[in-house]
Amino acid sequence: MSIEIKNILVAKDLSKDSSRVIRYAMTLGCKFHAQVHVLHVMPTVDHAVLNMVALTMGADKLADFNTKNEAELTEKTREQLDGIIQTEHELMEEKITHPPKIEVHHGEAAQMILAVADRLDADLIVLGSHSKGKLHYAFLGSVAEKVLRKTHRTVVIVPPTES
C-alpha cells in the first residue's frame, strides 16, 4: 500500500506551541512533496453581546466597525503566521517544494477546520493539543476532539511541549 499525501491542512491558534505544530506540518509537507495550508480561525463574538453593543452603538456603526476591524485583524494574523512560517523554514533541514498557503477565517474553529479540509480535499489534518492541567493526558482540546469525531480524514495531533 502506498500513501499519497498531496494536501496538508494545519489548523493552529497563535499560542506558544504554534511554531512547533506548523514546523511539524511543513516537515511532513517536505517528505511527501505536499502543499501545506496553514489555517487560523478567529472566533466570532456571541450574538447576545453583539446585540447589546448594537443597541448602544447603533447597528450601522457596529457593522462598519466590525468590517474594518475584521479586515485589519485578518491582515495582522496573516503577517504573524507568515513570520512563524519564515522562522520555522529557516530552522528546517529540508527544502520546501511548495511554500505554505495561509488562510484566516472567522467562525467556530472545529466547523471551519472541517469545511476548509473538505474544500481543499485535505489528505491530512495536523492539529495541536492543549495542556489543560492535570487531566491533559486524558483529554484533548475541545477543537481537536470535535474534529477527530466528525472527520473521515487522517488527523495528526501534535502534543504540547513539556513545561
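For region 1-59, a residue qualifies if it is in a loop (DSSP other than H, G, I, E, B), at pLDDT 80 or above and charged (D, E, K, R), and the qualifying residues are Glu4, Lys6, Lys12. Whenever a residue of region 149-162 is crowded, with 16+ Cβ neighbours inside 10 Å, its partners that are part of a helix (DSSP H, G or I) and of a type in the set (Ser, Thr, Tyr), lying with C-beta atoms within less than 7 angstrom and at least six residues away or across chains, give the pairs Val158/Tyr24.
Cβ-Cβ distances below 8 Å connect the following pairs, each with a first residue in region 3-18 that is in contact (Cβ under 8 Å) with a residue 40 or more places away in the chain and at negative phi, a second residue that is surrounded by 20 or more Cβ atoms within 10 Å (Cβ to Cβ) and charged (D, E, K, R), and a separation of six or more residues or different chains: Ser18/Lys12. Under the condition of being touching a His at 6+ places or on another chain (Cβ under 8 Å) and of a type in the set (D, E, K, R), which residue from region 59-110 is farthest from Lys150 (Cα to Cα)? So, considering only residues that are touching a His at 6+ places or on another chain (Cβ under 8 Å) and of a type in the set (D, E, K, R), the one farthest from Lys150 (Cα to Cα) is Glu70. Filtering region 101-131 to residues that are assigned to a loop (DSSP other than H, G, I, E, B) and modelled with pLDDT of 95 or more leaves Asp121, Ala122, Asp123. With respect to the conditions (1) surrounded by 15 or more Cβ atoms within 10 Å (Cβ to Cβ); (2) under 15 Å from Val10 (Cα atoms); (3) not basic (Lys, Arg), Ile96 lacks only one, and its number is (2).
Selection of first residues in region 37-49 that are farther than 20 Å from Asp123 by Cβ and of second residues that are modelled with pLDDT under 80 and of a type in the set (A, V, I, L, M), restricted to Cβ pairs under 7 Å at least 6 apart or on distinct chains, gives the following pairs, ordered by first then second residue: His40/Leu14. Filter region 132-152 for residues that are over 23 Å from His33 (Cα atoms) and not in a helix (DSSP H, G or I); which is modelled with the highest pLDDT? Once the filter is applied, the top-ranked residue is Thr151.
The values are calculated or read from the model by the stated rules, or taken from the named source; none is laboratory data. Predicted, not measured: the structure shown is a model, and the values here were computed from it. Backbone-built Cβ (ideal geometry, glycine too); neighbour counts: all protein chains shown.
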